[in-house]
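Undergrad: Here it is, the structure in full.
The values are calculated or read from the model by the stated rules, or taken from the named source; none is laboratory data. Quick caveat, the model's predicted, so the values are computed rather than measured. Methodologically, a virtual Cβ is constructed for each residue, glycine included, from the backbone with ideal geometry; neighbour enumeration extends over all protein chains shown. Only protein heavy atoms, including side chains, enter the accessible area calculation; ligands, DNA and RNA are left aside. Shrake-Rupley method; radii C 1.70, N 1.55, O 1.52, S 1.80 Å.
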Amino acid sequence: MADSEQDNTDRGDGDNLKSDKLFTLKKWNAVAMWSWDVECDTCAICRVQVMDACLRCQAESKKDFYGRQDCVVVWGECNHSFHYCCMSLWVKQNNRCPLCQQEWSIQRMGK
Amino acid sequence: MSLKPKKVDFRQTWNVLQETVKGVITLADVPRSTWNDRFSDVYSLCVANPEPFADRLYNETKCFLENHVKQLLTKVQAQGETGLLQAYHRAWTEYSQGINYVHRLYLYLNQQHIKKQKLSEAEMIYGTSSTASPGFEEQMEIGELGLDIWKNKMIAPLRTSLVTLLLEGIYADRVGEAQSASTDVIRGVIQSFVRVEEYKMKGQLDMYQEMFEAPFLEASGNFYSREASELLQQSDVTRYMERVTWRLSQEELRAHKFLHISSVPKVRQCCEEKMVAAHVAWLHSEADLMIENERRRDLSLLYPLSRPLPSGLTPLVLKLTQHITHQGLQAIGPLQGENIHTQFVESMLDVHSKYSELIKEVFKGDQAFIGALDKACSAVVNHRPAPRQPARAPELLAKYCDSLLKKSAKGASESEIEEKLARSITVFKYVDDKDVFQKFYARMLAKRLIHQQSQSMDAEEAMIDRLKQACGYEFTNKLHRMFTDMSVSADLNAKFTTILRERKEENKLGIGFVVYVLQAGAWPLGLPPSPGPFHVPQQLEKSVQAFESFYHAQFSGRKLTWLHHLCQGELKFNYLKKPYLVTVQTYQMALLLLFEHCDAISCRDAAISLRLSHEQLVKHAASLVDCKILKKSVEGELEEETVLTLNFEYYNKRTKFRVTGALQRDAPHDAEATHRSVDDDRKLYLQAAIVRIMKSRKLLRHNQLVQEVLGQSKVTFAPSIGMIKKCIEALIDKQYIERTPNSADEYSYVA
């Protein structure tokens, strides 16, 4: 295995040359799936999968079905994650993470 | 001439007046000046000094008119039976006109003397007050008086003979023996019955109805019955209905010709009763055959006849439902072969359009029949071949759409395909299990999108929009999201290429790299079934890394999972006589690339170096062996020990081809899995519905709850009662709801 790796990196670009290799890789149509990088895939506030829009957005989303970027995920310092919409309503009442009761502060937002 | 009241000699004035009245009422020539003088005489009599003669004038006039009518009566009677109608009509024409003039001559009396005594409208409606003493005879305006006298002195004595003659006259007209002259006479006579009471404020038609209309309807009824029974004996049903239709229209015309307008509907009703309603059972039994043989002419005769009857159409509607159901089942029954989905949808559409056209033409698009068509179609579409099997429609319909939207749809123009897709919505609306359809459709859409098999993205989008229109946003949400991912991916790829170019790294990847990034949750795709991470060939690693770092720079908080079982690569084979371009799956590609470094490899070793399970390796290797790119050391199934080698003698006519992946092959397994996953989804849907309902109602009986659940889920599928019960049980177990202690079949919501 190690040998072949060496081999490949040396002449990775063999596209248009007459190659002495058995195969030339021309094209790769890859398929990948993205999901939020979360530990728990359900939002603890609305009990909907974080990949789906939160309940409130689902109910209102009649108008935008193309870009559902607006119902994103937010991670707290405690590493717990929720729908941003759900969390922003939650912190108005109680500025703590609903799962661990730590003071809530945003670590990062999904985009 | 003075208007001042003066002394008048009644006798003398009346004698003059009487002569003129006689002239007026017989329509003799009365000079204008005489008319004017008599008009003033009426005035002077009414205002005479010292005592007005109004009452006396009234009584004398009444007396005169009575005598006049009596004379007319004798004249009319003198004509005998044969000329009675004509004579009466002549006398009436003259008298009715004459009395009208006399009425005007007595204008002053009418206006000043009689109007004052008259009851006001309010008194008429609410009953008279006590002012009218028993012996008091109410005075009428002269015109009315004249008509009243005519009624009592002329019509009353002639009544029986008049009515008999009229009925005879009309009968003659019916059988076509009437002289045209008598039409006017008959009409005039009948009108006179109406006219003599027209001045009344209520019950204007009482006399007409009682004296003429009732016997007329009875006589007509007898006539219709007789004709109906004669027809029944002589002719078949078609002829019978033609005759009845003709008779109905004739009678309507005749009623308009002779009778008061209020009688027209009564005549029609009477005719319908005797000729249609009386034989409706027979007609309906004949109708069964008409529908079975689709005798359009007969049906279009029968429809207007039976429509007015209460529930006259019900048996027809029922029979038509049965018939269409039967025809539909026959049309889709014998389907078999490769394109069963096309046959199914198109025969269904044929049945639908055939009968909707029939209903439009024969039944004038009557709602009841359209309902029958809907009912029948939905029975056919949702027909289960066997009680435990699911209906085939959802799957077949989805396949049909798939076959149209796929690139391979050959020969059909874009607009044809569009039209077919639009028409397929008709079938879709009848499908009960729309959720099953959605599952199948989503899977097929996913395949089309990922493998770039879509004929046109516009057509795809239009179809999704149609489904959305039929079923709502919720239904197509995921389809939309899938669709969106495609365009988002295209943008991503463009950006990725630009960035590579900016960094002058475009050739660094060494391959043409295109990626679809799909959002989890929207796609009906499983994750790659791998025991450990698949070992990506080195040739691809750069691409993977470069793209991942690009992606993470673009977005945050996302992770990417590569779906290798859906990826495809194009390989150029350099080791054969001519170069081949072969499209294979990533796993197959990886397997082939192993041969760069060895001539032969055992299945076990290949699986280990690719980090695949034996089953997976076998699955992908087998398709390469099957198309002879690889050779195996021993015949039979691929075992762990089987050694694979490249086939250096490989030959194919085409230099560019695709190795059919394992993905496309497990179709039957797919269908079953789809039905299973639909079942799971339904349970969740029902439970959610039950909780929603109970949350708003707090307390509900079992039956009501079931009804409400049925109502909510109707749009997407028709759940079985058993399934609803199970879901209720499940929710009781989960303590969302509980049985109320005092009643066995009532539930309450547990907050």
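Undergrad: Determine how large the accessible area of B:TRP14 is when every protein chain is in place; take a 1.4 Å probe and give Å² rounded to the nearest 10.
TA: That residue has around 0 Å² of solvent-accessible surface.
Undergrad: Starting from 0 in steps of 10 Å, tell me what percent of the Cα-Cα pairs of region B:251-392 lands in each bin.
TA: Using 10 Å bins, I get a P(r) of 11, 33, 26, 17, 8, 4, 1 for region B:251-392.
Undergrad: Using the beta-carbon distance between B:ILE499 and B:LYS364 and R0 = 51 Å, what value does 1/(1 + (r/R0)^6) give for FRET efficiency, to the nearest 0.05?
TA: 0.15
Undergrad: So if I take the alpha carbon set of region B:609-654, get Rg, then get Rh from the Kirkwood formula, what is the Rg over Rh ratio?
TA: 0.99
Undergrad: Stick to the Cα atoms of region B:1-85, pair each with every other, and give me the Kirkwood hydrodynamic radius in Å at one decimal.
TA: Its Kirkwood hydrodynamic radius stands at 14.5 Å.
Undergrad: Quick check: at a probe of 1.4 Å, how many percent of the accessible area of chain B sits on carbon and sulfur atoms?
TA: 51 percent
Undergrad: Please list log₁₀ I(q)/I(0) at q = 0.15, 0.19, 0.24 Å⁻¹ for region B:253-333, using the Debye equation with identical point scatterers on the alpha-carbon positions.
TA: -0.62, -0.84, -1.09
Undergrad: Now a separate question. Taking just the alpha-carbon atoms of region B:205-290, what radius of gyration and Dmax come out, in angstrom?
TA: Final numbers for Rg and Dmax: 14.1, 48 Å.
Undergrad: Tell me, what does the Kirkwood hydrodynamic radius of region B:711-751 come to in angstroms if you use every pair of distinct C-alpha atoms?
TA: It is 11.4 Å.
Undergrad: Also, I was wondering about something else. Of B:SER182, B:SER33, which has the most accessible area and how do the rest follow, probe 1.4 Å?
TA: Largest to smallest exposure gives the sequence B:SER33, B:SER182.
Undergrad: Based on the Kirkwood radius over alpha-carbon pairs, what is the Stokes-Einstein translational diffusion coefficient of region B:550-675 at 37 °C with 0.692 mPa s viscosity, in µm²/s?
TA: 204 µm²/s
Undergrad: Something else: Run through all the Cα pairs of region B:379-435 and give the fraction in each 10 Å bin from 0, expressed as whole percent.
TA: Cα pair-distance distribution for region B:379-435, in percent: 22, 46, 24, 8.
Undergrad: Using the C-alpha gyration tensor of chain B, what are the square roots of 5 times its eigenvalues, in whole angstrom, with the largest one first?
TA: 97, 31, 26
Undergrad: Rounded to the nearest 0.05, what FRET efficiency is calculated for B:GLU639 and B:SER609 with R0 set to 22 Å and r the Cβ-Cβ distance? Spell out each step's value before the answer.
TA: Working: r = 18 Å, r/R0 = 0.80.
For R0 = 22 Å, the calculated efficiency reads 0.80.
Undergrad: Once you have all Cα-Cα distances for region B:453-504, histogram them in 10 Å bins from zero and send the whole-percent values.
TA: With a bin width of 10 Å, the distribution comes to 23, 37, 22, 13, 5, 0.
Undergrad: For chain B, what does the accessible surface come to per residue with a 1.4 Å probe? Please give it in Å².
TA: 50 Å²
Undergrad: Whole-Å semi-axes of the protein assembly as shown's equivalent ellipsoid, largest first, each the root of 5 times a Cα gyration tensor eigenvalue?
TA: Values for the protein assembly as shown, descending: 97, 35, 26 Å.
Undergrad: Related question: How would region B:407-493 be classified by its alpha-carbon gyration tensor: rounded, prolate or oblate, with rounded meaning a/c under 1.5 and the a/b versus b/c comparison settling the rest?
TA: Taking the square roots of the gyration eigenvalues as a ≥ b ≥ c, region B:407-493 is oblate.
Undergrad: I've got another one for you. Based on the alpha carbons, how large is the Rg to Rh ratio for region B:674-750 when Rh follows Kirkwood?
TA: My calculation puts Rg/Rh at 0.97.
Undergrad: Modelled label-to-label distance, A:ARG108 and B:VAL750, 7 Å Cα→beta-carbon offset: nm?
TA: 4.2 nm
Undergrad: Also, quick follow-up: Nearest 100 Å² is fine: what is the total accessible surface buried where chains B and A meet, probe 1.4 Å?
TA: 5100 Å²
Undergrad: Express in Å², to the nearest 10, the accessible area of B:HIS552 obtained by rolling a 1.4 Å probe over the protein heavy atoms while all chains stay in place.
TA: Number for this one is 90 Å².
Undergrad: Right, here's the next one. With both bridge residues required to lie in the protein assembly as shown, what share of the DSSP beta bridges run antiparallel, to the nearest 5%?
TA: For the protein assembly as shown, the DSSP antiparallel bridge percentage is about 75.
Undergrad: Using only C-alpha positions, report the orientation-averaged shadow area of the convex hull of region B:358-455, nm², one decimal.
TA: For region B:358-455, the mean projected area of the Cα convex hull comes to 8.0 nm².
Undergrad: Then there is this: Extending each Cα 7 Å along its Cβ direction at B:GLN97 and B:ILE261, get the distance between those two points in nm, one decimal.
TA: Roughly 2.5 nm, to one decimal.
Undergrad: Moving to a separate point now. Which entries of A:LYS27/B:LYS542; B:LYS153/B:LYS257; B:LYS495/B:LYS656; B:LYS399/B:LYS726; B:LYS439/B:LYS683 have Cα-Cα distances beyond 22 Å here?
TA: With Cα atoms farther than 22 Å apart: B:LYS153/B:LYS257; B:LYS495/B:LYS656; B:LYS399/B:LYS726.
Undergrad: With the cut-off at 20 Å, tell me which of the pairs B:LYS407/B:LYS653; B:LYS22/B:LYS202; A:LYS21/B:LYS577; B:LYS406/B:LYS628; B:LYS75/B:LYS200; B:LYS698/B:LYS734 have Cα atoms farther apart than that. The partial results should precede the final answer.
TA: Details: B:LYS407/B:LYS653 23 Å; B:LYS22/B:LYS202 31 Å; A:LYS21/B:LYS577 14 Å; B:LYS406/B:LYS628 28 Å; B:LYS75/B:LYS200 29 Å; B:LYS698/B:LYS734 17 Å.
Among B:LYS407/B:LYS653; B:LYS22/B:LYS202; A:LYS21/B:LYS577; B:LYS406/B:LYS628; B:LYS75/B:LYS200; B:LYS698/B:LYS734, the Cα-Cα distance tops 20 Å for B:LYS407/B:LYS653; B:LYS22/B:LYS202; B:LYS406/B:LYS628; B:LYS75/B:LYS200.
Undergrad: Contour minus end-to-end for B:LYS115 and B:ASP599, with contour as 0.36 nm per residue of separation and end-to-end as the Cα-Cα distance?
TA: 161.4 nm
Undergrad: On alpha-carbon atoms, Rg over Rh for region B:300-369 using Kirkwood Rh?
TA: 1.11
Undergrad: Right, another one. As an exercise, use a Förster radius of 22 Å and the Cβ-Cβ distance of B:LYS407 and B:GLN469 to find the FRET efficiency, rounded to the nearest 0.05.
TA: 0.30
Undergrad: Another question, if that's okay. Return the ratio Rg/(2.2 N^0.38 Å) for region B:156-277, where Rg is computed over Cα atoms only.
TA: In units of the 2.2 N^0.38 Å rule of thumb, it is 1.12.
Undergrad: What does the charge count near B:VAL194 come to, summing +1 for each Lys or Arg and -1 for each Asp or Glu among other residues with Cβ under 14 Å from its Cβ?
TA: -1
Undergrad: While we're here: Just to verify a number: what accessible area does B:ARG604 come out at with the full protein assembly present, 1.4 Å probe, Å² rounded to tens?
TA: Counting only protein heavy atoms, the figure is 90 Å².
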